[in-house]
Amino acid sequence: MDKKVAIDGNSAIAEGVRLARAQVVAAYPITPQTPMVERVADFIDEGRLDAKYIAVESEHSALSAVVGAALMGTRTFTATAGAGLALMHEIVGVAAGNRLPIVMGIANRALPSPWSLQVDHSDTMAEKDMGWIQLYASNCQEALDYTLLAYRIGEEVRLPVMVCIDGFFLTHTTEVAELPDQEKVDRFLPAYDRGDVYLDPDNPMTINQLNSAETFTELRYAHNQALNEVINLFPKIAEEFKDIFGRQHSLCRDFECEDADVVVVTLGSSSGTARKVVQRMRANGMKAGALQVSCFRPFPKEDVIGKLKGAKSVAVIDRSWALGTDGPLSQEIKSAFHSAGIDIPIYNFVAGLGGRDLNEKTIENVIHSTVELVEKDEKRLYPIWIDVKKEVI
Amino acid sequence: MTEKEFRILSRGGQGAVTAAHILVEAAVLSDKYAQAVPNFGQERKGAPVYTFARLSDKPIESHTYVYNPDIVVMFDSFLMELGIDPLEGIGEDSILIINDRELPHGIRDSFKKVGLVDAWSITHEVIGNVPPNAAMLGAIAKTTGLLDIESIMEAIVNVMGEKIGQVNAKCAKTAYERTVVYEG
């Protein structure tokens, strides 16, 4: 039977990995991801997860080890955060290019420098174009559910998936969530099918060799098609998920967007906060809306446009750096709207960097600033850094 | 119950993060929703620690710190000497739970309700030289009435394990009985 539990984001992903029956795990601990891999290691030690844990000396080796294990045809897991993900960068491309359905838990942490232990999305945004699927959870239940969805979807299209949770605001935040029954998970996620191509010592072959210009483009093209296929696949698998577990998930989650004067668009844990702010503003007669982008890669352009097109204006909050240009989430939204030929005012805000609380007041400020800019018909080519303390500069 | 927000003021090593986790476990047992948000940094033993929690009948959407607490829990009134202000952000209906032998001067009038508990003495008496978090949970149950003491005791055992949990649950119960509530 499903069970309600008090669980933090790190443990939620670890429970997802246990329920998914991952077979090989390699990881290197780094704040704020450490409890995630410790929990998985505990499960293996306690005999609750029948997996091989490979202890490694760096993140580069951690991902390399699971790439090897995935090439042998096993269900794998690794996890990291911040600079650890940056150290993996080379192998991030290898994992995706070899079409390996690895699942990686990410405890989002700001990249240095300046050094920070705390959240922003600069680590995963630096890897956004490497051909992985990227999911961003807004609470601990989604962290667990997205881990199961990650295995199922990643294995169908044979691509790796990052399940991203905000450092501390999700990794170390305890909430009430439903821990699904193993039998249900087994029904949703059958045993891993390694397909026809895998490394077999009895039948040796080479995988991942040097490629010529004759085929490189075509392999990338096929990779891109597989990634974009997720847009069609996600809703179908989410429907199956709902039938089994009773919870609805989507590529992007809209809240009161239809007739909104301003919709605030977010990734990660601030999405729930935005919904709460919108609820209060609506009660006070202000027509606000909120859109959570759950799947950032592939970017669900049609869904996002569909859910935003009734809005009079859009405020995109990037919880990552926008050095020299717009933030990455804003670039996606503006590009989608421009391509679709829809002209509504879209403003980009940068907030919540390096662990600064992206709180209700900041989100209210974003919404009020957007209303003001629209009223004055003021254009902005560059983002607005909404929560900068001028006195510190 | 509308959403209630907690700000827990403590020092590193006093077990406030575990206490907040136990609050969430007690909410699960009471068929409620809750959230514990630790404010982690480069923490060390003895340094002031802020921990936040939320409790509600409905799922909790906010993932932020607490700025306007309905309930302030002060694990150590000496924190005031370090400039930690229990009055920060409170409203007319805010409640205080404080660990001390007597009420610090002038604090009573700032809160709608104050629960005073000598958590150090009770913890020493029931368990020994361990953090006062179980006693503080008993005082929270008594002062706020938001969670019953039985749920708190069961949650303590679930989180701490049978052996350590039972004695801590007893400590929470004792604190529940000895908390003095000033109201009106």
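The values are calculated or read from the model by the stated rules, or taken from the named source; none is laboratory data. These figures come from a predicted structure and were not determined experimentally. Positions of Cβ are backbone-derived with ideal geometry, glycine not excepted, and every protein chain shown enters the neighbour counts. Surface accessibility is based on the protein's heavy atoms, side chains included, excluding ligands, DNA and RNA. Shrake-Rupley method; radii C 1.70, N 1.55, O 1.52, S 1.80 Å.
Brief remarks on what is shown
- Listed conditions (1) within 14 Å of another protein chain (Cβ to nearest Cβ); (2) modelled with pLDDT under 95 are all met by A:E256, apart from (2).
- Within region A:202-257, the residues that satisfy the criterion of being among the small types (G, A, S) and not in a helix (DSSP H, G or I) are A:S212, A:A213, A:G246, A:S250.
- Each residue in region B:6-42 was checked for being out of contact with any strand residue (DSSP E or B) (no Cβ under 7 Å at 6 or more places or on another chain), open to solvent by 10 Å² or more (accessible area, probe 1.4 Å) and within 13 Å of chain A (Cβ to nearest Cβ), and 7 pass.
- Scanning region A:265-289 for residues being under 18 Å from the mean Cα position of the chain (by Cα) and within 14 Å of chain B (Cβ to nearest Cβ) gives a total of 9.
- Region A:148-177, subset part of a helix (DSSP H, G or I) and either among the aliphatic types (A, V, I, L, M) or within 14 Å of chain B (Cβ to nearest Cβ) (or both), residue surrounded by the fewest Cβ atoms within 10 Å (Cβ to Cβ): A:V157
- Selection count, region A:374-389, where residues are aliphatic (A, V, I, L, M), open to solvent by less than 100 Å² (accessible area, probe 1.4 Å) and over 25 Å from the mean Cα position of the chain (by Cα): 2
- Residue in region A:379-389 that is within 30 Å of A:P112 (Cβ to Cβ), within 14 Å of chain B (Cβ to nearest Cβ) and in contact (Cβ under 8 Å) with a residue 12 or more places away in the chain present: yes
- Any hit, region A:351-368, residues being acidic (D, E) and farther than 27 Å from B:N68 by Cα: no
- Extreme residue, surrounded by the fewest Cβ atoms within 10 Å (Cβ to Cβ), among residues of region A:319-337 that are out of contact with any strand residue (DSSP E or B) (no Cβ under 8 Å at 6 or more places or on another chain) and either at positive phi or β-branched (V, I, T) (or both): A:G324
- Any hit, region A:67-82, residues being at negative phi, in the same structural domain as A:Q225 (by TED's automatic domain parsing) and among the basic types (K, R): yes
- Residue match in region A:294-313 (condition: on the phi < 0 side of the Ramachandran plot and modelled with pLDDT under 95): yes
- One residue stands out in region A:257-300 among those that are within 24 Å of A:G352 (Cα to Cα) and of a type in the set (S, T, N, Q): the one that is surrounded by the fewest Cβ atoms within 10 Å (Cβ to Cβ), namely A:Q279.
- Check on A:V374, assigned to a helix (DSSP H, G or I), among the aliphatic types (A, V, I, L, M) and either away from every other protein chain (no Cβ under 14 Å) or under 15 Å from A:L323 (Cα atoms) (or both): yes
- Under the condition of being more than 21 Å from A:E178 (Cα to Cα) and either touching a Gly at 6+ places or on another chain (Cβ under 7 Å) or within 14 Å of another protein chain (Cβ to nearest Cβ) (or both), the residues counted in region A:1-45 number 6.
- Subset of region A:179-197 that is in contact with a helix residue (DSSP H, G or I) (Cβ under 8 Å, 6 or more places away or on another chain) and open to solvent by less than 60 Å² (accessible area, probe 1.4 Å) - its residue that is farthest from A:Y146 (Cα to Cα): A:Y192
- Region A:232-256, residues that are loosely packed, with under 14 Cβ neighbours inside 10 Å and polar (S, T, N, Q): A:N232, A:Q248
- Where A:E57 falls short, out of the listed (1) open to solvent by 40 Å² or more (accessible area, probe 1.4 Å); (2) away from chain B (no Cβ under 14 Å); (3) over 25 Å from A:D193 (Cα atoms); (4) within 23 Å of the chain's Cα centre (by Cα): (4)
- Positions within region A:342-361 being within 14 Å of chain B (Cβ to nearest Cβ), buried (at least 21 other Cβ atoms within 10 Å of the Cβ) and part of a helix (DSSP H, G or I), in sequence order: A:G355
- Evaluation of B:R101 against (1) open to solvent by 50 Å² or more (accessible area, probe 1.4 Å); (2) in contact (Cβ under 8 Å) with a residue 24 or more places away in the chain; (3) of a type in the set (K, R) (one fails), failing number: (2)
- A:R220 vs. criteria free of Cβ contacts under 8 Å to residues at least 12 places away in the same chain, out of contact with any strand residue (DSSP E or B) (no Cβ under 9 Å at 6 or more places or on another chain) and closer than 18 Å to A:A95 by Cβ: yes
- Candidates A:S138, A:S116 - the one that is in contact (Cβ under 8 Å) with a residue 40 or more places away in the chain, surrounded by fewer than 23 Cβ atoms within 10 Å (Cβ to Cβ) and within 14 Å of another protein chain (Cβ to nearest Cβ): A:S116
- Selection from region B:114-150 of residues that are assigned to a helix (DSSP H, G or I), crowded, with 21+ Cβ neighbours inside 10 Å and small (G, A, S): B:A119, B:A134, B:A135, B:G138, B:A139, B:A141
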